Each structure stands twice: as C-alpha cells, then as structure tokens.
Amino acid sequence: MKCKVIGGVNSEESDYSKHKHITAPVDAANLNTRISIHNKYSVNKQGFGNWIASYYQITEGMKILELGCGTGEMWKNNISLLNKCSEVVLTDLSEGMVETARNNIGNLDNVTYQVVDIQDIPFEANSFDIVIANMMLFLVPNMKKGLSEVKRVLKKEGRFYCATFGEHGIVQYIAHLLKPYGVEERVNKNFTLQNGKQILAQYFSSVEMKEYVDSLEVTNIEDMLDYIYTLPSVTSISNIKRDIIKKVLEQNMVDGILKVPKEYGMFICR
C-alpha cells in the first residue's frame, strides 16, 4: 500500500492565499527567512518540525492528508514517516508553495501534491487516518466550514494534528520593543494556544494540547532584522529605518545575546 500525506509547517506570520489584510506576501523566500531564524537561534535544538513529527502516530499503510504544507521542509528530516504510509497527500492553497514542497521532498511513489482549500476538501468522507493542518487554521476565513471538512474526511478513529502559536511570542516581543516608534502587533488570534482547545472541542471529543518549550538567542542582529521586515503582523515596520531598529535590538542584548520568547504548541484531536 501507499501512504498519502498533505501538508507542512508554516510560521505564525504566514497568510492564507495572500489575503488583502496581510501586508507582506508569503512566498517561499519570506517563509525561508522566517524558518532560518528558528533553525539558527532556537534554544531547543530538536526543532519545531521534528517535535511535531515526534507526536505523529503513523503506522504502516496509513493514508495521511496535510493541509497547508508550505515548503514541506519538515518532511525532509522525516522521510521515514512518509515511507510507512500507503498514500500521502501534501497540499497548500498556494500553488507556489506546493511546487516548493515538491522540490524539497521529491517525487516519491506514495506522495502526491495538490492545491487544496481546507474549506472545500476534494476527498470522500472517512478517507484519511490522519489529517494535519499546522500553523494555518488561524488564517482560514470560515473556521467552522474548514474544521467541519477536516472532521468529514477523517476516519472515525483517526487523529487530527494542528500546530499553532500562542499570544505571548516573538511578534508581541518585537512590537513591545518598538512601541515608542508607533509599532503595534496585529497578530491574528482566531486560533491560538489560548483559545484553540475551546474551538476544537466543538468538533472532536478528545482535544489534547502539547506545548513546545523554546526561545531564540540571537547573536547576529542583522539576521533578526531580515526576519522582522518579513512580518505582516506588526504595523509601521516598513516606515522605520533599519538602523533605528538595529539600535533598539542591540540595546536589549545581554552579553551579546538578544533573548526572544517563543510560544508554540500543538493540539491532538480525536
């Protein structure tokens, strides 16, 4: 049998098909910039993607659907999980992301790539043993419709994995530092670690939250500056000169390190 998996790990600052309320378009370059800051400076060296994958209960012959696969980066280190499956479908609303994921993962016999909207999943009911939707539910315009579709295509004994961010993480920290310059955070709080369980409990009888303990310790401020300018969820950033932001960040370094809080986690639903 072949296993089909759809999806991947995006960041808390990604958009949903470049909605007009998002100021910085999400393309592979922006997403890679955001991923790289985590890879380079995270205190928890396991990595968020690997941590998420460690909770996936994938057994031989399963069918898996991932919604919002992004660049597919997390699967590069977890190909063995894909190989267990009979069918794996990796999907994203962005055609560009789907192609990037295909390039990163490759053409495996049991993996297919497809453009899919979570609000209208083109598969029959009770089709998948596992459905994954990481770092994207907060962007879905009609959450009720999206989660209803997930429940529809998930088998009765299947699992739904959905990672998200909390309301006290990187963006809030940056916005606080730059508040004197008129910066405010505009993070989409439609689905966070704080309210996600209540939302999911309307569709699933069992909802368990796992918290990923981590932070950033940044030693090269230029890297952090590149990251900050990709953020769509902080206002007025583009109006502030790079040198000013750099000075603010440097003033908050201790022994050459800028410590930045992170708040991420995942819900496991049945």
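Values in this text are rule-based calculations from the coordinates and carry no lab data. All figures in this text were calculated on a predicted structure; none of them were measured in a lab. Every residue, glycine as well, gets a Cβ built from its backbone with ideal geometry; the counts of neighbours run over all protein chains shown.
A few notes on this one:
- Of all residues in the range 206-235, those being outside any helix (DSSP H, G or I) and crowded, with 19+ Cβ neighbours inside 10 Å number 10.
- Any hit, the range 36-51, residues being hydroxyl-bearing (Ser, Thr, Tyr), surrounded by fewer than 21 Cβ atoms within 10 Å (Cβ to Cβ), in contact (Cβ under 8 Å) with a residue 24 or more places away in the chain and within 25 Å of residue 151 (Cβ to Cβ): no
- Residues (out of contact with any Asp or Glu (no Cβ under 6 Å at 6 or more places or on another chain) and either part of a strand (DSSP E or B) or buried (at least 19 other Cβ atoms within 10 Å of the Cβ) (or both)) located in the range 170-187: 170, 173, 174, 178, 183, 185, 187
- Scan of the range 171-189 for residues that are hydrophobic (A, V, I, L, M, F, W, C) and farther than 28 Å from residue 117 by Cα, ordered by number: 174, 175, 177, 178, 183
The rows are residues; the columns are (1) among the polar types (S, T, N, Q); (2) in contact with a helix residue (DSSP H, G or I) (Cβ under 9 Å, 6 or more places away or on another chain); (3) farther than 25 Å from residue 137 by Cβ.
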| residue | (1), (2), (3) |
| --- | --- |
| 157 | no, no, no |
| 171 | no, no, no |
| 179 | no, no, yes |
| 203 | no, yes, no |
| 217 | no, yes, yes |
| 240 | no, yes, yes |
| 253 | no, yes, yes |
| 258 | no, yes, yes |
| 263 | no, yes, no |
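- Hits in the range 155-169 - residues which are more than 20 Å from the chain's Cα centre (by Cα) and either under 19 Å from residue 209 (Cα atoms) or not in a strand (DSSP E or B) (or both): 157, 158
- Of all residues in the range 49-58, none are in contact with a strand residue (DSSP E or B) (Cβ under 7 Å, 6 or more places away or on another chain) and on the phi > 0 side of the Ramachandran plot.
- Neighbours by Cβ (under 9 Å, 6+ apart or cross-chain): first from the range 194-205, part of a loop (DSSP other than H, G, I, E, B); second of a type in the set (Asp, Glu): 194/167; 195/167
- Of the helices (runs of 4 or more DSSP H) lying entirely inside the range 18-136, those containing at least 3 residues that are charged (D, E, K, R) span 95-105.
- Residue identified as under 25 Å from residue 233 (Cβ atoms), surrounded by 19 or more Cβ atoms within 10 Å (Cβ to Cβ) and either aliphatic (A, V, I, L, M) or in contact with a helix residue (DSSP H, G or I) (Cβ under 9 Å, 6 or more places away or on another chain) (or both) among 98, 89: 98
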